[in-house]
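Taken together, the values in this text are just the output of simple stated rules run on the coordinates, not laboratory data. All values derive from a computational prediction rather than experimental measurement. Here the Cβ is made from the backbone with ideal geometry for all residues, glycine too, and neighbour counts use every protein chain on show.
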Amino acid sequence: NRASRANAYMPGTRTLAIIKPDAFNAGKAGHILALLEGRGFALRAARVLRLTPAQAGEFYAVHKGRPFYDELVAFMTSAPCMPILLEKEGAVAALREAIGATDP
């Protein structure tokens, strides 16, 4: 059935990315999605939302205690962002390659 096909995927083929508030609000979401699709990713889900401090804090908990943590949470809650679910073989490594080095 359709539901089981939609949920059938191989481990390691899906990853979450977030189009951050600055890029989303600058109107670059379409360009970013086009770049990722051009790199072979399939967009499986997307949602525009404004993270609460609790959501951002939980999502970035791995960085808690680092000097940039509070600034990161404040930035991620400052305006709407766009979490996206991407699918591709070796999704995590492929996304890191597609977006390059990041600076938290």
**Study point:** Cα-based helix-to-principal-axis angle, 29-38 vs the chain, degrees rounded to 10
**Key:** 40
Check your understanding: How big is the shadow of the Cα convex hull of the chain, averaged over all directions, in nm²?
Key -> 7.4
Point to revise | Kirkwood Rh, Cα atoms: Rg over Rh of the range 23-62 | key: 1.07
Revision key, fill the gap. Exposed-loop cut sites defined as trypsin sites (Lys or Arg not before Pro) in DSSP loop states with at most 13 other Cβ within 10 angstrom; longest site-free run of the chain spans 1-46
Exercise for review: Show that you can apply the helix-only estimate: for the chain, add -39,500 (n - 2.57) for every DSSP H stretch of four or more residues, divide by all residues, and state [θ] at 222 nm to the nearest 500.
Suggested key: -11000 deg cm²/dmol
Study note, to complete from the structure: Amide H proximity to residue 51 below 5 Å, modelled H, separation 5+ or other chain, gives 81
Review point. On average over all directions, what projected area in square nanometres does the range 55-102 have, based on the convex hull of its Cα atoms?
Key: 4.2
